[in-house]
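Encoded as structure tokens, the structure appears first; notes follow it.
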Amino acid sequence: MAGGGYPFIPDIQWPGQTFDPPTLLDITSIEAEIVAQLKLALGNVVDVAHFPDKPEAYRLTHRIGTVLVMYTGAEYGKILDTGHVVQERTMEFVIGMRIRDLGWAYGGPPSGTSPGAYQIIEGIRLALIGFQPSTGCTRMMPKSERFVDRDKEGGVWVYEIVFVTRTMSVESYEPPKYPLFTHGTALEEGGQTFQVQFGLFTFTGSPGTITLGQSYVSALVVKSQNLLTVYVVGIDYTADLVNGIITRITTGGISPAATVAVSYGYADVVTALASGGSVPFAPNN
């Protein structure tokens, strides 16, 4: 037991955690591209790095200086779409410099042989102006630059230059939760209807059915074989017009296994099938 009555819990080393950025337009990805661009342009002159998590503990060890990159915020524009949240996002990145030499001697020419703050500012500007950190961003442009501080104890000059790039902020898309399409039929609106004149059909089975062989039947007429008697739907028979099936009603006037004369119309039908192979509910087309 530790002092105060609380149990002692030894420190356990935390294994850490990895982070995969959601897109190439997230802050981490864009800042990493800016750091890489500055390293390419100035890495052989000064240190280039991300801004430290604990700046108060940071120590400048490079003989010339360091350049640190930090994201400082963004402004969002008006919504550009009525159906979804789509906005322009203007992102700001501050490039901070801690340079030992200002670059000029008092009242004279540039001092020393190493570059100073002025030269590094120009180097950063040339490296980032027009640089596109991602294909989803605009080319970067400078917004402002200023003198921040003179660290007398450390003997360094502190400057910063602000760059901006514009990108889009879009809400996450979730597909509509509609049933998966597997099979469907469609009729052409206003299309041609084919009329079949009276043909002889015989009821089969019990109570007796006739399959016309056409779908989406219209103008159906059922008569006796000699065409003298007109049978009435709902009394003598029922009709499945979608599938083209006539069923005899046992209490009606059509005798079992009777042969009747049928006339009807039908339209062209287009059938669409999701080709899922052996897995029709997970189609691959």
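All C-alpha to C-alpha distances of the range 23-170, sorted into 10 Å bins beginning at zero, yield P(r) values of 11, 39, 30, 14, 5, 1, 0 percent in whole numbers.
Taking every alpha-carbon pair under 8 Å whose residues sit at least 6 apart, the range 23-170 reaches a relative contact order of 24 percent.
Readers should treat all values here as calculations from the given coordinates under stated rules, not as data from a laboratory. Not measured: the values here are computed from a predicted model.
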